[in-house]
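Accompanying notes for the structure given below.
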Amino acid sequence: SAPPCGCFILQRWVPLIVLLCVSARAVDRSNFKTCEQSAFCKRQRELKPGRSPYRALLDTLELSDSRITLQLINDNNKVRLLLELYRLQGNMTRVKINELKPLKPRYEVPDVLISDPITETLSVVSQDENSLVLSLGGKDQRLIVSAQPFRLDIVEGPQVLVSLNSRGLLAFEHLRARKDTKSELEQATEQENVEQRTDEDGQIKEEEDKPGMWEETFKSHTDSKPNGPSSISLDFSLPGVEHVYGIPEHADTLKLKNTDGSDPYRLYNLDVFQYELHNPMALYGAVPVLISHSTDRTMGIFWLNAAETWVDISSNTAGKVRVISSEAPQTDVRWISESGIIDVFIMLGPKPADVFTQYASLTGTQSFPPLTALAYHQCRWNYNDQEDVKSVDQGFDEHDIPYDFIWLDIEHADGKRYFTWDPSKFPQPKEMLQGLMDKRRKLVAIVDPHIRVDNGYKIHNEILSKNFYVKNKDGGDYEGWCWPGNSGYPDFTNPEMRAWWASKFAYEQYEGSMENQYVWNDMNEPSVFNGPEVTMHKDALHGGWEHRDVHNLYGLYVQKATADGLVERSGGVERPFVLTRAFFAGSQRYGAVWTGDNAAEWGHLKISIPMCLSLGLAGISFCGADVGGFFKHPSAELLVRWYQAGAYQPFFRAHAHIDTPRREPWLFGPENTALIREAIRQRYALLPYWYQLFYNAHRTGYPVVRPLWVEYPNDVATFSIEDEYLIGKDLLVHPVTDEGATAVTAYLPGKGEVWYDVHTFQKHDGEQSLYIPVTMSSIPVFQRGGSIICRKDRVRRSSSCMENDPYTLYAALNSQGSAEGELYIDDFHTFNFEKAKQFVHRHLSFSANTLSSRNLAPDSQFSTASWIEKIVIIGGSQPSSATLKNADDTESALEFEFDSTLAVLTLRKPGVNAAADWTVILR
Amino acid sequence: MTCLHLLLTLVFAVSLGTPVEIQRPRGVPLTKKPFYEENKPFTCLDGSRTIPFDRVNDDYCDCKDGSDEPGTAACPNGSFHCTNAGYRPMFIPSSRINDGICDCCDTTDEYNSGAKCENTCKELGLKERDVLQKMAEITKEGFLLKQQLIEEAKKGREEKQGKVTDMQENKKQLEEKVEALRTVKETAEQPEKEAKERHLKAWEEQKAAIRLEKDKAKMAEAFLELDDNADGFVSVSELQSHAELDPDADGTLTETEVQGLMGGAAQVDTSTFESVWTNIKDKYHSEVSREEADMSSAQKARDDFEDSEKALREMDDQIRNIEKELSFDFGPDAEFTYLYSQCYELTTSEYIYRLCPFNRVSQKPKYGGSETNLGTWGSWSGPENNKYLVMKYEHGTGCWQGPNRSTTVKLTCGKETVVTSTSEPSRCEYLMEFTTPAVCQEPANMDLLPHGHEEL
């Protein structure tokens, strides 16, 4: 992928400037705005905490079953706002603020919420002249509206959970007519507004125009801002909170940093060439969800706004030495967006899992990928031609390394005309795809949203004739430079356009495509090489809305339309698999994301962990980083370590820039080939567990990979850990991410718990920092005592080849001698699990020397050829006999082996079908 | 569901026209059959444990070395043997048993997967024999050619070595001559020197004046001589006929070199010829008599000395060149010698690739544009058992944000010496395929080719 822009543009279009770029190895920061350079952010940030000019007009209160509304007035300019409060099912509060009478409608983000959230009754508990107390039900949860100054507090008993506008940073730039160009009508409306404003008290402070309100120039680009200033801001205070997470995507620590004295975290989907680590700059995707956590409570704030957004974090304990202080810790968060309305969901937890459920109820859960998508992906910009694809495919077999997908980047298409094939390099795509299919493997071809302006290109002509392109401010088709040269950008916010786009993936439309071909959407921020900040002009038009309003949504729509296309081409049968670079809240519903154009550096390997954990907290579980690093050439050691780490991250794909030397797994000598093979094999053996976790993520919204604190919310030692994480709740991974490492120190959480090294079965106590010597073959992974994990230990050349293979159960006992786990099986690729309840979901439990498999979904139906080949009980004792009892009460003795040094009991070949009821009794 | 692929396969083969049945567990090669004796306990081939025979191929891995499951996918490290009657037998990793993909041409790896495999061994065998036969023919002819090459190289080498020896002998004589002439020169210069000492200043002035005059005359003369077409200009081609002017003394005076001598001009007239003259006068050989009537005896002695010294230098160069050539590693029998100072081209849709073995590889756009160096001779870098199968050319022109270009040349046996393909598998790393008789191995006996009954 991810064909970078920045210098590349220069290389391709202005050869003379190439030399300037060669020395610029890192991001060119000057291409991207700081808050200071973004006029609305600067204006908003100039506003300091203080007494809010806003006042709630309690006498305007209107109460219905589903919501209450009341008006707010800004005492400085007399503009009225409408406040809507909702109590939502599942312990959430929604706060909406819009202008009472905006000059024209302000954008409200569509298509992100999966449905209108279900409301619950908000009842007034008490009211006086300056406040209104509403019941949120449950444990004395109240929502308190204070009138002057306006503020909202959500409390539980005596404890304040969150306060809004407590620092007085609510600022709502109302739409106003342009002074120089006011039409008579506008003037009349203006007059009316002013009259209305003067109702309150005679004085109106006319707001002065500030720089950048009506026009803004950055580098050579001018934003015409026909609607003038429209930004919004609101502050949230979280008493008792020292740790906040989320708001991806940033190449930064898991725990968000204090932004006092630096730029706020920025959310604005951008194609950033050679991004830097550890700074709050915007990257390719944006999910405006922030999670707060303390030992008392986990909560979330979901700021539903798709415009450019900045988030300030300020903590009163940040950077301070924790001497005994009378000041209670508190974190303040401030959101600033360029346009739209304030629409915020406060997810009240209280447990981490509750927040995930709450957020999933709003924006949906992770799509359930076909199993194959969880396997290993081999990518490179570019596999040159069919012959190259074939020889790489053969290379994997020759070196006995499994893989499921080979990927084609932009060079595969004819002149970067997506949906086509380069006739000299890929003259027979179906032959190539059939060759892969014969090996039960698959291919991904890139389809980017920029469309080559070329009247010999069918896709362009159709978009043109259907008038589906985004328009520039003057109403003509918007054009920008991207890979193909001059390109148009289809308006993916238009549902008709999306339906048309989806139809292009039909086999008869997309010539040369087959059912084992899947899709990758890159450059969908959207990337515009010659646009401001390498993206689209904000005054470009999507129907009636400005690009400014919808920017962060564009990428989501591209992936959605593409995923819809893959579903449609199969007649609604097959689950799609689409990878995207740009994303927004809700993108989890459409496929996988990756962390964009990283580099072959140890720092980039390290940051892949917090980056994917942050995405998981914000609902997007299917995340990975380019294994090996996209830019630059990794050393053999870095590559091996990256494979070892990547094998334990949700999306596992190696990728490389076109200018780097080849790096297929066998090109670094036999020893490294063996190390990489082993890492990939570990991934394949663990696919049943990954698949089960994705199934659960799909059902519940729980992240697949989790920071430790999610499962150990009371253990403060875990709150800042980002060099290790949990897969589900049962595996703890601490990959080696340091050059020349001879040891790592892993923190094993859980007082009274035990952890077993999955490779050696060695037992370790919880709540300790464990020093682990490592060699090049080490991937420190621990299984939680008390868990049962199913693996398929017969690793074959692709996951499809393993579909009917037997399972081995690894039961790791806790200190009470018990364990439990799950096993999920279906056809691994269709929607039948959902539509026809065709799946197997088993609960496995071991206690009192009895291991049993119980059906978790009695109304489901599926038959599998898989069986149980082996049961390994770790931390057990030696029995005198082991008896297998089948569902029909027949019994048979099982042979077993016991390793007394490690206390590992291996039961030989139970042979029962994986879908059956059975019990094994040890005596 | 699983214990079904238990046991024995029947293998039919043809030997001396008589059908023979040999029973052994699935996936076991004939050579290992003795270890798998039915109804006797089986000992893992690594000796690690002994199990009842009914646990062989029972789809559960008991042996650490995988030897109890030669016919199932149960062991992670097992291997399966397919007989492939009609083609060649092979081992596949046991993970490829019943994985739905046909690996063995006799279909024996997919006995329980539902994969629809067809026995293609006969076809493959025929095809392979065909290919092998063709290969063998090529190898045979190639090998003969190689013998000639070796012979020629041997001769050439001997000749060159002889030449070097002769030249070294001549060189000795030359050296002596140079010394003798030096003495003559010094003697002849003695009066000059004395005069110089006496009238140093005057002498110098006089000498300079004389020299200048002479030089001018010589220059004018040379101009006329050089101006073959008498158009009043000396052109590049006119100058190029004077091989003695070669600045690097490599024996050829290239156009570029001449342009250098001419300061980049395409032609010069008499007025601008002066600067060219400065560049060439020391080496310039007049087309008419080199004799100058009024040469002083000292001058003559000097010239004689300088001539002989120059001859000595030239001889040194020649010796060095031959020694350089002789020092190249042209293969165990010097069979690659013939490639030296040759170039081979391949034209693709976009470029003309040029391989000059032991020198450099280059690429030139077909439709104009400058040549790019894809690497200069580095080393033989084939596999350990035969390093002469791969040539490596390194340190070519640098790439943007990337390495210097380099080229790997893979050599295969062929009757002709040709570049057969080029590719750029990785940015700026080129791969070239090159056939030459020089790598043809002595042909194997055709009788050893598989005929479908080597495995019983």
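The values are calculated or read from the model by the stated rules, or taken from the named source; none is laboratory data. A quick note: this is a predicted structure, and the numbers were derived from the prediction, not measured. For neighbour counting, all protein chains shown are included, and Cβ atoms are generated from backbone atoms with ideal geometry for every residue, glycine included.
Below is a table of values for the structure above.
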read-out	value
Segment B:419-431 residues that are at the interface with chain A (Cβ under 8 Å from one of its Cβ atoms), paired with ones that are assigned to a strand (DSSP E or B) and of a type outside the set (A, V, I, L, M, F, W, C) (beta carbon under 6 Å, 6 or more apart)	B:GLU424/B:TYR430; B:GLU429/B:SER406
Residue list for segment B:228-237, filter: more than 11 Å from B:VAL268 (Cα to Cα) and not in a loop (DSSP other than H, G, I, E, B)	B:SER237
Segments classed as helices (runs of 4 or more DSSP H), wholly inside segment A:1-110, with at least 1 members that are more than 14 Å from chain B (Cβ to nearest Cβ), modelled with pLDDT of 95 or more and in contact with a helix residue (DSSP H, G or I) (Cβ under 8 Å, 6 or more places away or on another chain)	A:39-46
Residues within segment A:669-706 that are within 14 Å of chain B (Cβ to nearest Cβ), within 15 Å of A:SER777 (Cα to Cα) and hydrophobic (A, V, I, L, M, F, W, C), tallied	2
Residues satisfying the stated conditions in segment A:903-923, i.e. away from chain B (no Cβ under 13 Å) and surrounded by 15 or more Cβ atoms within 10 Å (Cβ to Cβ)	A:ALA903, A:VAL904, A:LEU905, A:ASP917, A:TRP918, A:THR919, A:VAL920, A:ILE921, A:LEU922
B:LEU411 at pLDDT 90 or above and of a type in the set (A, V, I, L, M)	yes
Selection count where residues are under 21 Å from A:ALA679 (Cβ atoms), within 12 Å of chain B (Cβ to nearest Cβ) and not in a loop (DSSP other than H, G, I, E, B), scope segment A:397-429	2
Residues that are closer than 15 Å to B:GLU424 by Cβ and buried (at least 18 other Cβ atoms within 10 Å of the Cβ), drawn from segment B:361-399	B:VAL361, B:SER362, B:GLN363, B:LEU374, B:GLY375, B:TYR393, B:GLY396
Among the candidates A:LEU884, A:LEU856, residue that is away from chain B (no Cβ under 13 Å), under 25 Å from B:ASN112 (Cβ atoms) and modelled with pLDDT of 95 or more	A:LEU884
Residue tally, condition surrounded by 23 or more Cβ atoms within 10 Å (Cβ to Cβ) and among the small types (Gly, Ala, Ser), over segment A:629-684	7
Residues of segment A:399-448 that turn out to be farther than 26 Å from A:HIS460 by Cα and surrounded by fewer than 19 Cβ atoms within 10 Å (Cβ to Cβ), as a count	7
Verdict on A:LEU809 being surrounded by fewer than 22 Cβ atoms within 10 Å (Cβ to Cβ) and either under 27 Å from the mean Cα position of the chain (by Cα) or under 30 Å from B:GLY78 (Cβ atoms) (or both)	no
Segment B:37-66 - residue that is touching a strand residue (DSSP E or B) at 6+ places or on another chain (Cβ under 8 Å) and touching a residue at least 24 places away in the same chain (Cβ under 8 Å) and, of those, farthest from the other protein chains (Cβ to nearest Cβ)	B:GLU38
Residues satisfying the stated conditions in segment A:728-769, i.e. within 21 Å of A:ALA685 (Cα to Cα) and in a strand (DSSP E or B)	A:LEU731, A:LEU732, A:VAL733, A:TRP755, A:TYR756, A:ASP757
Residues within segment A:530-560 that are under 23 Å from the mean Cα position of the chain (by Cα) and over 13 Å from A:TYR489 (Cβ atoms), tallied	9
Residue among B:PHE434, B:PHE358 that is crowded, with 18+ Cβ neighbours inside 10 Å, at positive phi, of a type in the set (A, V, I, L, M, F, W, C) and away from chain A (no Cβ under 14 Å)	B:PHE358
Number of the exception - B:GLU325 against (1) within 14 Å of another protein chain (Cβ to nearest Cβ); (2) in a helix (DSSP H, G or I)	(1)
Residue among A:LYS792, A:LYS751 that alone is buried (at least 19 other Cβ atoms within 10 Å of the Cβ), touching an Asp or Glu at 6+ places or on another chain (Cβ under 9 Å) and of a type in the set (Lys, Arg)	A:LYS792
Residue among A:SER880, A:SER860 that is assigned to a loop (DSSP other than H, G, I, E, B) and in contact with a His (Cβ under 9 Å, 6 or more places away or on another chain)	A:SER860
Unmet criterion (only one of (1) crowded, with 16+ Cβ neighbours inside 10 Å; (2) modelled with pLDDT of 95 or more; (3) more than 13 Å from chain A (Cβ to nearest Cβ)) for B:PRO93	(3)
Residues being within 17 Å of the chain's Cα centre (by Cα), outside any loop (DSSP other than H, G, I, E, B) and among the small types (Gly, Ala, Ser) - total across segment A:336-385	4
One residue from B:ALA74, B:ALA85 being of a type outside the set (Phe, Trp, Tyr), assigned to a loop (DSSP other than H, G, I, E, B), surrounded by 20 or more Cβ atoms within 10 Å (Cβ to Cβ) and at pLDDT below 95	B:ALA85
Hits in segment A:228-238 - residues which are touching a strand residue (DSSP E or B) at 6+ places or on another chain (Cβ under 7 Å) and surrounded by fewer than 20 Cβ atoms within 10 Å (Cβ to Cβ)	none
Yes/no for A:ARG784 being farther than 21 Å from A:GLU711 by Cβ, among the basic types (Lys, Arg), more than 14 Å from every other protein chain (Cβ to nearest Cβ) and buried (at least 20 other Cβ atoms within 10 Å of the Cβ)	no
Selection count where residues are acidic (Asp, Glu) and buried (at least 21 other Cβ atoms within 10 Å of the Cβ), scope segment A:243-270	2
Test set (1) more than 14 Å from chain A (Cβ to nearest Cβ); (2) crowded, with 18+ Cβ neighbours inside 10 Å - B:PRO403 fails condition number	(1)
Sole residue being part of a helix (DSSP H, G or I), among the basic types (Lys, Arg) and farther than 30 Å from B:ASN77 by Cα, chosen from A:ARG699, A:ARG681	A:ARG699
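Conditions (1) within 14 Å of chain B (Cβ to nearest Cβ); (2) over 29 Å from the mean Cα position of the chain (by Cα); (3) closer than 22 Å to A:GLU678 by Cβ; (4) buried (at least 24 other Cβ atoms within 10 Å of the Cβ), marked per residue:
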site	(1), (2), (3), (4)
A:PRO713	no, no, no, no
A:ASP738	no, no, yes, no
A:VAL744	no, no, yes, no
A:THR760	no, yes, yes, no
A:TYR771	no, yes, no, no
A:ILE788	no, no, no, yes
